[in-house]
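What follows is a single structure, written as structure tokens, with notes after it.
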Amino acid sequence: MLNNTTAPALNHENDKWKQSLHLPPKDSRPQTEDVTNTKGNEFEDYFLKRELLMGIFEAGFERPSPIQEEAIPIALTGRDILARAKNGTGKTAAFVIPSLEKVNVKKPKIQALLLVPTRELALQTSQVCKNLGKHMDVQVMVTTGGTTLKDDILRLQETVHIVVGTPGRILDLASKGIADFSECPTFVMDEADKLLSPEFSPIVEQLIQYFPKDRQIMLFSATFPLLVKNFKDKYLVKPYEINLMDELTLRGVTQYYAFVEERQKVHCLNTLFSKLQINQSIIFCNSTNRVELLAKKITELGYSCFYSHAKMLQSHRNRVFHDFRNGVCRNLVCSDLLTRGIDIQAVNVVINFDFPKNAETYLHRIGRSGRFGHLGLAINLITYEDRFNLYKIEQELGTEIQPIPPVIDKKLYVAPSAIDDPQQQQQQPQQTKQQQMQRGYPNQQFQQPYPPHHRNNYHHHNPHHQNPRRA
């Protein structure tokens, strides 16, 4: 039995490794209950390898978020999981941490497959694996369409423990015998609703045949349509079900709409740029053609702007994503290609230049702001044709999208430390006001949107009309 003098000495020895950690600066931004409403567990409570704990703390993680508290201990037991949690609440680490923990680095076999629907998400997820596992000697490989198969063949001749990739490329590697999943115990599907859509589900079902019968399958997503239930019933064994979706939209994201005519949209966007304190913004369009046209318009207004869509070369998309993430540019115009799981915590404003057609797309888009419980703003430019979709999406998500006020309180979307920071003030176009006027984009007040009960009847717009639903 330890005496009272020995126990503190042992504790001091056990904590010595923490003193050598290279911790990032503490994030002082306020967080919402989506990530703070925890049971009070610590990462040490899960008896993780010390090398993994070092990577976790050096990545800036302090305590597990609710989805991590629920998923990590169950995942470590090897049980199948069906987890539903909001975008931006720490889902990726909830499956990456147990996947890393279970790897035996002395075994030169693939021990986990992390399947995602897009190339950008694959790159991001593999980077999370590498960051968290940097002290573990775990070998992580990312593979997607748009890169040469030859590179993957060469890489898989060496030891690979965790593979991150998109369905088509992974099936290609498995069916050709290049990647061997016959002894792979862990199969994770992130954004499972997309992976089980008609586009991907035949590929996923073929892929499962290459895994051992006693594999562990973990499904993570923000939405779970009927397709996911059918897959669960067929392939999962007594899955542990996690549902942290009391409401669908992130608590930290304030949602507004502005009623505009199509020809006024660029004008309205220019106004938003001049009035909002944007750290970084993502602006969504509904087609690749409109993405390029809008990016050109924004550049003509004098604001820095990148764009990304599915028809671009993969190498170009990777460069755009990398540079935007590193803060090279403040605004990114893109299609829905970028909506799933992409985590750029500097983004505090999302603008739907084109309003989405369904609730699922809307949910994934606005989840690009307010990441990991921080504050964010979602602004929707609504035309007459969008009015039914607006109402339908509000109903399906059980949320209320407010009319945009003339002035938006910065406390809703700007970290307190940045509100008075001159470095973080409104974007300034690299041109004079006179040039703006010549181009037809004068400064303006926000246009007040029409009241929601008029969504079904198009009346002459009165900018000072009060909203009766909220009066």
Inset, instruction - Compute the signed sum of charges (Lys and Arg +1, Asp and Glu -1) over the other residues within less than 11 Å, Cβ to Cβ, of residue 218. - result: +1
Inset, instruction - Quick one: what are the phi-derived ³J(HN,Hα) couplings along the range 324-336, Karplus 6.51/-1.76/1.60 with θ = phi - 60°, whole Hz, x for glycine and proline? - result: 5, 4, 8, x, 5, 9, 8, 10, 10, 9, 8, 9, 5
Inset, instruction - Calculate the dipole size of the range 86-141 relative to its Cα centre from +1 charges on Lys and Arg beta carbons and -1 charges on Asp and Glu beta carbons; express the result in debye to the nearest 20. - result: 100 debye
Legend entry - Distance in nm between pseudo-label sites at residue 326 and residue 243 (7 Å out along the Cβ direction from Cα): 4.4 nm
Legend entry - Estimated dipole of the range 169-326 in Debye, rounded to 20 [Cβ of Lys and Arg +1, of Asp and Glu -1, Cα centre]: 420 debye
Inset, instruction - Search the structure for amide H atoms under 5 Å from the amide H of residue 135, placed 1.01 Å from N in the peptide plane, and list their residues when 5 or more places away or on another chain. - result: 55
Inset, instruction - Could you point to the residue in 208, 98, 61 farthest towards the positive end of the range 27-243's charge dipole, with +1 and -1 charges on the Cβ of Lys/Arg and Asp/Glu respectively? - result: 208
Inset, instruction - Using amide H atoms built 1.01 Å from N in the peptide plane, name the residues 5+ places from residue 242, or on other chains, whose amide H lies under 5 Å from its own. - result: 82, 83, 84
Inset, instruction - Determine the dipole magnitude for the range 253-416: charges of +1 sit on the beta-carbon of Lys and Arg, -1 on that of Asp and Glu, nothing else is charged, the reference point is the Cα centre, and the result goes in debye to the nearest 20. - result: 480 debye
Inset, instruction - Sticking with the crude label model, points 7 Å out along Cα→Cβ, report the distance from residue 147 to residue 357 in nm, one decimal please. - result: 3.2 nm
Legend entry - GluC sites (Glu not before Pro) restricted to the range 203-297 and DSSP loop, no more than 13 other C-beta within 10 Å: 247, 261
Inset, instruction - Report, by chain and number, residues whose modeled amide H sits under 5 Å from the one on residue 352, excluding near sequence neighbours (fewer than 5 apart, same chain). - result: 284, 379, 380, 381
Inset, instruction - Take the cross-link list 194/357; 234/392; 16/134; 107/194 and give me the ones stretching past 23 Å between alpha-carbons. - result: 234/392; 107/194
Inset, instruction - Pull out the extension gain between residue 233 and residue 264, defined as 0.36 nm times the separation in residues minus the alpha carbon to alpha carbon distance; nm, one decimal. - result: 6.3 nm
Inset, instruction - For the range 253-416, calculate the relative contact order in percent as a whole number, restricting contacts to Cα pairs under 8 Å that are 6 or more residues apart. - result: 34 percent
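Can you list the trypsin sites (Lys or Arg not before Pro) in the range 164-254 that are in a DSSP coil and have 16 or fewer other beta carbons within 10 angstrom?
Passing sites in the range 164-254 are 176, 213.
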Legend entry - 3J(HN,Hα) from dihedral phi, the range 282-296, Karplus parametrisation 6.51/-1.76/1.60, rounded to Hz, x for glycine, proline: 10, 10, 9, 10, 8, 8, 5, 4, 5, 4, 5, 4, 5, 4, 5
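Read-outs throughout are calculated quantities, based only on the coordinates presented, and are distinct from any laboratory measurement. In this text, all values refer to a predicted model and were calculated from it rather than measured experimentally. All Cβ positions, even for glycine, are placed from backbone atoms using ideal geometry, and neighbour counts span all protein chains on display.
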